[in-house]
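Colleague: Before we start, here is the structure in question, set down as structure tokens.
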Amino acid sequence: MIATSNSVLSDRVLNMEESATLKMSQMARDLRAKGHDVISLSLGEPDFDTPRHIKRAAKKALDAGYTKYTPVPGLMELREAICTKFKRDNGLEFTPNNIVVSNGAKQSINNLCMAMLNPGDEVIIFAPYWVSYSAIVKLAGGVPVEVFAGIKEDYKVSAQQVADAITDRTKLVLFSSPCNPTGSVYTEEELKAIAEVIAPHEHIHIIADEIYEFINFLDGGHVSIGTFPGVKDRTITVNGFAKGFAMTGWRLGYIGAPVHIAKACAKLQGQCTSGANAFSQMGGAHALLADLKPTHKMNKAFNKRKRLVLRLLKKIKGMNVNKPDGAFYVFPDISKFFGKTDGNMTINNSDDFCEYLLNTAHVAVVTGSAFGAEGCFRLSYAASEDTLKEAISRIATALEKLH
Ligand code: PMP
Ligand code: GLU
């Protein structure tokens with residue numbers, strides 16, 4: 001038999017969706033390379049540089065010989081710093097045996113799904129969800145069970161919805177708060193109610209993705225669902241350095257998990273990628289233990305940009321804008337534009353809407369359908385105020401052409 005380009009590839013990869021966030025940011029780069037003046041608000045990546053003291057710590061580590069393989073679950077210096085951080089910021093008690101450091105929180109979530117799911121196991125995912133959740137769950141043979149909340153519910157699912165979705169096959173509940181893509185933040189009461197629903201079901205574990213912990217505009221600050229007694233021993237808390245410390249390219253994330261789960265993740269990682277980069281880890285350990293002032297400063301800047309973006313977007317007729325309390329995304333409902341046309345292209349869904357903005361306004365944003373929320377789009381405001389003003393002005397002009 002002659003191999004075709006598809007027959008050499010596995011069903012696993014052929015059936016997998018490409019990451020829409022990465023795809024859109026690449027499309028923006030490609031258009032830019034062709035000479036177009038494209039503004040990309042598609043990628044969830046802080047525009048700030050990594051704080052200088054963190055870079056210095058990594059450079060020092062490099063010079064001190066942190067250039068070798070590391071223990072698979074992470075350097076002891078970093079795992080101890082993570083335990084200190086979990087206790088200090090989240091009230092979570094862990095020892096280094098509970099911690100596994102990976103090449104980003106994305107790998108942490110992949111490790112967990114690969115280590116915990118058997119074919120057919122159900123994973124309750126709060127929708128809108130981050131693009132990679134459903135893809136990773138499916139890759140691991142699991143079945144994503146989406147529980148959806150729309151803009152009217154501030155994109156937050158209720159404890160009752162979670163209760164209704166639980167079956168004998170439910171293995172995991174997976175969500176992020178602050179949430180990517182909506183920016184919604186679950187309050188202590190909301191998390192407590194969800195924890196109480198899950199608590200009696202001993203076959204269910206929670207994966208709490210807290211990577212946006214430090215980008216939170218609520219006075220009460222961040223609450224970890226793993227602090228509630230009924231689910232404490234069955235919660236895996238995922239976090240990383242990409243967002244709060246502007247370290248996306250360092251590729252560093254981690255979990256705090258029950259020891260048997262941490263060990264399983266390390267076993268898997270030991271066969272797939274080994275321990276994370278040595279000097280990145282030393283930079284990470286320093287980031288966690290040093291003064292968090294630069295992180296708080298970035299949080300303030302994001303909050304200011306959020307107010308700017310909301311003010312400008314709300315002026316656009318037909319756009320229903322949510323009010324995020326964290327992360328650096330806004331997730332407007334744009335279903336009122338469906339059926340409209342500029343004479344060339346008709347907008348029938350959120351994919352069309354985003355394509356129209358890219359081609360007409362040269363602004364890249366991500367379609368809601370990738371996040372399990374058709375009818376919406378995600379705009380990342382991790383960009384300068386001038387860039388945001390220009391981008392939204394272009395969006396407004398493009399949308400005025402629709403009738
Ligand atoms: N979880 C969420 C909710 C995210 O938005 C991202 C994207 N950065 C990740 C996990 C993965 O983060 P990392 O860059 O550390 O792999
Ligand atoms: N998490 C970011 C986003 O949602 C980075 C890209 C990715 O890993 O998906 O845009």
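The values are calculated or read from the model by the stated rules, or taken from the named source; none is laboratory data. Since we're looking at a predicted model, the values are computed, not measured. Cβ placement follows ideal geometry from the backbone for every residue including glycine, while neighbour counts extend to all protein chains displayed.
Colleague: (1) crowded, with 21+ Cβ neighbours inside 10 Å; (2) in contact with a His (Cβ under 9 Å, 6 or more places away or on another chain): which one isn't true of Asp342, the others all being true?
Modeller: (1)
Colleague: Name the pairs whose Cβ atoms lie under 9 Å apart, with the first residue in the range 41-61 and more than 30 Å from Leu357 (Cα to Cα) and at pLDDT 95 or above, the second among the acidic types (Asp, Glu) and away from ligand 1 (no atom under 15 Å from the Cβ), and 6 or more positions between them or separate chains?
Modeller: Close Cβ pairs satisfying both conditions: His53/Asp291; Lys55/Asp49.
Colleague: Check the range 29-43 and report whether any residue there is surrounded by 20 or more Cβ atoms within 10 Å (Cβ to Cβ), under 30 Å from Thr360 (Cα atoms) and among the hydroxyl-bearing types (Ser, Thr, Tyr).
Modeller: yes
Colleague: Condition first: within 27 Å of Phe302 (Cβ to Cβ) and either touching a residue at least 24 places away in the same chain (Cβ under 8 Å) or touching a helix residue (DSSP H, G or I) at 6+ places or on another chain (Cβ under 8 Å) (or both). Can you find one or more residues in the range 341-349 that meet it?
Modeller: no
Colleague: A further question on this structure: Which is surrounded by 18 or more Cβ atoms within 10 Å (Cβ to Cβ), among the aromatic types (Phe, Trp, Tyr) and more than 18 Å from the chain's Cα centre (by Cα), of Phe302, Phe279?
Modeller: Checking each option against the conditions leaves just Phe279.
Colleague: For the range 22-138, which helices (runs of 4 or more DSSP H) that fit wholly inside it have 2 or more residues that are within 16 Å of ligand 2 (Cβ to nearest atom)?
Modeller: 105-116
Colleague: Which is away from ligand 2 (no atom under 16 Å from the Cβ) and surrounded by fewer than 18 Cβ atoms within 10 Å (Cβ to Cβ), of Ala163, Ala149? I'd like the intermediate steps shown before the answer.
Modeller: Numbers: Ala149 fails: surrounded by fewer than 18 Cβ atoms within 10 Å (Cβ to Cβ).
The match here is Ala163.
Colleague: Is it true that some residue in the range 54-73 is of a type in the set (A, V, I, L, M, F, W, C), buried (at least 17 other Cβ atoms within 10 Å of the Cβ) and closer than 19 Å to Arg378 by Cβ?
Modeller: Checked against the condition, which is being of a type in the set (A, V, I, L, M, F, W, C), buried (at least 17 other Cβ atoms within 10 Å of the Cβ) and closer than 19 Å to Arg378 by Cβ, the range 54-73 yields no hits at all.
Colleague: Any residue in the range 184-209 that's closer than 21 Å to Gly150 by Cβ: show its pairings with residues that are in a loop (DSSP other than H, G, I, E, B) and of a type in the set (Gly, Ala, Ser) at Cβ separation under 6 Å, as long as the two are six or more apart or on different chains.
Modeller: Val185/Ser177; Tyr186/Ser177
Yes/no matrix, rows are residues, columns are (1) in contact with a Phe, Trp or Tyr (Cβ under 9 Å, 6 or more places away or on another chain); (2) under 17 Å from Gly226 (Cα atoms); (3) among the aromatic types (Phe, Trp, Tyr):
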{"site": "Thr95", "(1), (2), (3)": "no, yes, no"}
{"site": "Lys106", "(1), (2), (3)": "no, no, no"}
{"site": "Glu122", "(1), (2), (3)": "no, no, no"}
{"site": "Ala127", "(1), (2), (3)": "yes, no, no"}
{"site": "Ala135", "(1), (2), (3)": "no, no, no"}
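Colleague: Follow-up question, since we're still on this one. Which ones in the range 361-384 are farther than 26 Å from Leu174 by Cβ and either in contact with a Lys or Arg (Cβ under 7 Å, 6 or more places away or on another chain) or of a type in the set (D, E, K, R) (or both)?
Modeller: The answer is Ala361, His362, Val363.
Colleague: Pairs needed: first member in the range 90-102, over 21 Å from Leu268 (Cα atoms); second member anywhere, part of a helix (DSSP H, G or I) and among the small types (Gly, Ala, Ser); C-beta distance under 7 Å; at least 6 residues apart or different chains.
Modeller: From the range 90-102, the pairs are Leu92/Gly226.
Colleague: Restricting to the range 238-264, name every residue that is more than 10 Å from ligand 1 (Cβ to nearest atom) and either buried (at least 24 other Cβ atoms within 10 Å of the Cβ) or hydrophobic (A, V, I, L, M, F, W, C) (or both). Spell out the reasoning first.
Modeller: If we filter the range 238-264 for residues that are more than 10 Å from ligand 1 (Cβ to nearest atom), which is where we start, we get 244-246, 255-264.
Passing the criteria: Gly244, Phe245, Ala246, Ile255, Gly256, Ala257, Val259, Ile261, Ala262, Ala264.
Colleague: Answer yes or no: is there a residue in the range 178-194 that is under 17 Å from Ile124 (Cα atoms), within 16 Å of ligand 1 (Cβ to nearest atom) and of a type in the set (Gly, Ala, Ser).
Modeller: No, the range 178-194 has no match at all.
Colleague: Right, here's the next one. Based on what the data block shows, is Ala364 farther than 23 Å from Ser176 by Cβ and surrounded by 23 or more Cβ atoms within 10 Å (Cβ to Cβ)?
Modeller: no
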